[in-house]
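This report refers to the structure that appears directly beneath it.
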Amino acid sequence: MPPSSFAALGIDDVAVAVYRHVVAGAGAADEGGAAAAPTAGAVARAVHLDEATALAALERLRSLGLVQRSAGGGGYGAVDPRVAVPAVVAARADALVEVRAAVPELGELFDEGRRPRDADELTRVVVGQAAVGDWYSQLEHRATTDFVAFDRPPYVVASNESTQRVALGRGVRWRAVYTVASISADGSWQGVHRLGAEGEEARITHDLPIKLAVADRRVALVSIGHDPGRPEALVTESEPLVTALYDLFEARWRSALPVPGAPGAGEPAVDWAEVAARLAASTSTSTSISTSASAGWPVPTASSAGGAPTTRDEEARLASRPPTPAERDLLALVAAGATDDVIAAQLGISSRTLRRRLHALFDELGASNRFHAGVEAARRGWV
């Protein structure tokens with residue numbers, strides 16, 4: 001058994017080293033041929049500890065019934081581990097059962113402190129960061145099969161990826177629609193990719209009207225105010241209302257852009273006409289290749305901007321080449337309406353490097369602006 005296995009019994013690595021030494025029966029044999037029980041000093045020298053530390057470890061093991069002290073000699077001997085260790089494990093299991101039995105009472109105390117005036121209501125309003133944050137965490141823990149969310153600022157609690165990983169580990173299907181503002185902070189895009197690697201299905205859109213979380217299609221938490229100083233949310237278990245909110249999520253999910261590399265990113269449910277419209281709209285607020293000659297960008301020639309390759313062989317080659325991960329990330333952020341500054345920050349590159357990559361990508365797609373790039377990328381199945 002590796003030393004780390006004993007941590008569940010409350011035994012640290014130092015005590016494990018001491019225990020293994022005593023179990024091995026190290027020590028000089030007495031006149032009857034039996035090994036003499038080593039003293040704390042002998043154990044300390046053998047395990048390279050100071051005597052006080054060795055003695056504390058021996059007494060900890062003795063309190064658990066794993067070693068015993070010899071009468072008069074001051075030495076320590078091991079109790080047969082085939083008997084002693086299972087006994088300690090059984091005692092710890094009994095204690096854990098008692099802890100689990102206390103959970104309902106603790107839950108009642110927790111609910112009592114947050115109980116609304118009318119306890120029979122299926123829908124209630126919660127106000128304040130603590131209350132809203134508590135309910136969001138509850139939904140994360142309560143989900144057993146399905147969890148969906150709209151992710152948009154402002155946030156009332158810090159992101160806790162570990163809670164989501166636990167849910168994904170127990171088989172919960174987790175889907176989230178992010179906004180451009182969700183990934184505006186440095187590192188946020190990488191966080192979305194980390195969760196995607198764990199199993200989260202993610203999509204991105206320009207904006208969302210509300211913050212939303214629905215667990216198992218049974219209980220929903222929806223924002224009704226965006227004041228970060230005094231957040232308000234509606235918690236509901238009303239079946240019609242939860243169904244309506246879930247349908248809203250599904251509608252936005254279908255129109256949002258799959259995050260490259262995330263599970264479900266290849267699903268054909270994306271409305272590419274809407275994506276193209278968003279790309280077209282973004283040209284009015286973000287730099288496009290066709291209007292950037294003054295910034296020193298080469299402008300594509302007519303032959304490259306027309307969209308159609310000059311030969312069938314060339315068209316087949318372009319259509320068959322899959323996009324690189326970097327190209328998919330770039331297209332996803334562009335299609336979602338992210339500004340150049342946000343894109344550069346998320347990809348960890350300079351604005352000049354971003355412009356070069358956009359030009360190379362548009363040139364590869366035979367596009368003169370973001371709208372043309374979106375249409376051509378959709379035609380090739382790149383996004």
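The values are calculated or read from the model by the stated rules, or taken from the named source; none is laboratory data. These figures come from a predicted structure and were not determined experimentally. Cβ atoms come from the backbone with ideal geometry, glycine included; neighbour counts cover every protein chain shown. To get the accessible areas, we keep the full protein, side chains included, count just its heavy atoms, and leave off ligands, DNA and RNA. Shrake-Rupley method; radii C 1.70, N 1.55, O 1.52, S 1.80 Å.
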Of those in the stretch 127-152 that are among the hydrophobic types (A, V, I, L, M, F, W, C) and out of contact with any Leu (no Cβ under 9 Å at 6 or more places or on another chain), the residue surrounded by the most Cβ atoms within 10 Å (Cβ to Cβ) is Ala143
Do we find that Ile204 is closer than 13 Å to Asp151 by Cα and at pLDDT below 90 in this structure? yes
Looking at the stretch 3-25, is at least one residue surrounded by 14 or more Cβ atoms within 10 Å (Cβ to Cβ), at pLDDT below 65 and in a helix (DSSP H, G or I)? yes
So in the stretch 153-187, with the set limited to residues that are modelled with pLDDT of 85 or more and open to solvent by 40 Å² or more (accessible area, probe 1.4 Å), which one is farthest from Ala338 (Cα to Cα)? Arg170
Could you check Arg203 against (1) open to solvent by 40 Å² or more (accessible area, probe 1.4 Å); (2) at negative phi and say which number it fails? (1)
Just to check your reading of the model, which residue among Ala131, Ala101, Ala93, Ala149 is closer than 30 Å to Gly25 by Cβ and among the small types (Gly, Ala, Ser)? Ala93
Enumeration of residues in the stretch 215-231 that are within 21 Å of Pro154 (Cβ to Cβ) and modelled with pLDDT of 90 or more: Ala220, Leu221, Val222, Ser223
Residue tally, condition open to solvent by 10 Å² or more (accessible area, probe 1.4 Å) and either of a type in the set (Phe, Trp, Tyr) or in contact with a Ser or Thr (Cβ under 7 Å, 6 or more places away or on another chain) (or both), over the stretch 207-225: 4
